[in-house]
Amino acid sequence: MKLIVGLGNPGPEYNFTRHNVGFLTLDLYTKIHHLDWQKPKFGAIWTKDGDRILLKPQDFYNESGRAVQEFVHFYKLTPADILVICDDFDLNFGQIRYRAKGSSGGNNGLKSITSSLGTSDFPRLRVGTNNPEIRQKLGDTKFVLGKFTPDEREQLPNILQVTLARIEENL
């Protein structure tokens with residue numbers, strides 16, 4: 001069993017924000033595979049695709065670890081059975097980086113999961129969202145909670161497709 005976790009913030013006001021790249025990736029996955037999100041369980045909406053559980057925690061981004069921990073304990077998973085998809089404003093827009101384990105790199109969602117699991121030894125896919133001009137103008141918090149620019153939104157479907165391919169490569 002594998003747990004694929006997309007990080008994001010719940011609620012329509014956060015749709016198409018940089019912090020919600022994980023949610024967007026899993027939404028595309030469910031659309032392609034004709035899956036439906038199930039009612040919340042352990043603080044997350046979820047669905048299953050064979051031996052994969054897709055998870056969108058419904059706590060805010062910085063508290064994502066609680067739902068992840070609940071699913072890990074319930075399904076008796078190891079940290080190596082998890083793949084977390086998150087945004088990274090230090091990576092160039094559209095760049096995707098896989099790591100089998102590592103630090104949070106300042107990402108509060110990864111910090112929350114690390115704290116809840118007691119380890120940072122879980123795989124993660126970071127999707128670059130950096131736009132230096134906008135980030136400098138807004139500051140980090142408003143930047144990650146900000147909507148993609150029209151140009152970025154145009155590129156997003158291709159980036160999400162590549163992210164899905166990277167999921168397949170790393171599971």
Spelling it out for Leu83: with amide H atoms placed in the peptide plane at 1.01 Å from N, the residues 5 or more places away or on another chain with amide H under 5 Å from its amide H are Leu3, Ile4, Val5
Per-residue accessible area for Tyr75 at 1.4 Å probe radius, Å² rounded to 10? 60 Å²
Per-residue ellipticity at 222 nm for the chain, helices alone: DSSP H runs ≥ 4 residues times -39500 (n - 2.57), over residue total, nearest 500 deg cm²/dmol? -11000 deg cm²/dmol
Nearest-5 percent of antiparallel DSSP beta bridges in segment 2-96? 45 percent
Largest first, how would Trp46, Trp37 line up by accessible area (1.4 Å probe)? Trp37, Trp46
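For the pairs Lys48/Lys142; Lys39/Lys101; Lys56/Lys101, note any where the Cα-Cα span goes beyond 25 Å. Working shown, then result.
Details: Lys48/Lys142 33 Å; Lys39/Lys101 30 Å; Lys56/Lys101 20 Å.
Violating the 25 Å Cα-Cα cut-off are Lys48/Lys142; Lys39/Lys101.
Using 0.36 nm times the number of residues separating Asn15 and Leu145, minus their current alpha carbon distance, what extension gain do you get?
Working: separation 130, 0.36 × 130 = 46.80 nm, distance 0.96 nm.
Net length gain for the segment: 45.8 nm.
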Please report the antiparallel percentage of DSSP beta bridges with both residues in segment 62-171, rounded to the nearest 5. 40 percent
From largest accessible area down, sort Phe60, Phe42; use a 1.4 Å probe on the protein chains. Phe60, Phe42
What whole-number distance in Å separates the alpha-carbon centres of segment 1-69 and segment 105-164? 15 Å
What accessible area, in Å² to the nearest ten, does a 1.4 Å probe give for Thr78? 70 Å²
Using the Cα atoms of the chain, I'd like the radius of gyration and the largest Cα-Cα distance, Dmax, both in angstrom. 14.7, 45
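Cα gyration tensor of segment 23-96, axes a ≥ b ≥ c as square roots of the eigenvalues: rounded (a/c below 1.5), prolate (a/b > b/c) or oblate? Before the final figure, lay out each step's value.
On the way: a/c = 1.60, a/b = 1.22, b/c = 1.31.
Note, shape of segment 23-96 comes out oblate.
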Accessible area (Å², 1.4 Å probe, nearest 10) - Glu13: 110 Å²
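Figure the gain on full extension for Ala165 and Glu133 (residue separation times 0.36 nm, minus the Cα-Cα span) and round it to one decimal in nm. Walk me through the numbers on the way to the answer.
Values: separation 32, 0.36 × 32 = 11.52 nm, distance 2.93 nm.
Difference between extended and current length: 8.6 nm.
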May I ask you to list the residues of segment 90-106 whose amide nitrogen lies under 16 Å from a point 7 Å from Cα along the Cα→beta-carbon direction of Ala80? 99-102
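With contacts defined as alpha carbon pairs under 8 Å and 6 or more residues apart, what's the relative contact order of segment 6-145 in percent?
On the way: 254 pairs, mean separation 37.0, N = 140.
RCO, segment 6-145: 26 percent.
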Those trypsin sites (Lys or Arg not before Pro) in segment 76-105 that DSSP places in a loop and that have at most 15 other beta carbons within 10 Å: Lys76, Lys101
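With the Cα gyration tensor of segment 78-171 giving a ≥ b ≥ c as the square roots of its eigenvalues, does the rule (a/c under 1.5 for rounded; else a/b larger than b/c for prolate; else oblate) give rounded, prolate or oblate?
Details: a/c = 2.77, a/b = 1.39, b/c = 1.99.
In terms of gyration-tensor shape, oblate.
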Cα centre as origin, Lys/Arg/Asp/Glu Cβ charges: segment 81-171 dipole, Debye: 220 debye
Output ³J(HN,Hα) for segment 130-138: one whole-Hz value per residue in order, computed from phi by the Karplus curve 6.51 cos²θ - 1.76 cosθ + 1.60 with θ = phi - 60°, and x for Gly and Pro. 5, 9, x, 5, 6, 4, 5, 5, 8
As I understand it, the dipole of the chain uses +1 on the Cβ of Lys and Arg and -1 on the Cβ of Asp and Glu, about the Cα centre. Which of Gly8, Phe89, Phe71 lies farthest toward its positive end? Phe71
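The values are calculated or read from the model by the stated rules, or taken from the named source; none is laboratory data. No experiment lies behind these values; they were computed from the predicted model shown. No Cβ is skipped: glycine too gets one built from the backbone with ideal geometry, and neighbour counts run over all protein chains shown. With ligands, DNA and RNA removed, areas are computed over all heavy atoms of the protein, side chains included. Shrake-Rupley method; radii C 1.70, N 1.55, O 1.52, S 1.80 Å.
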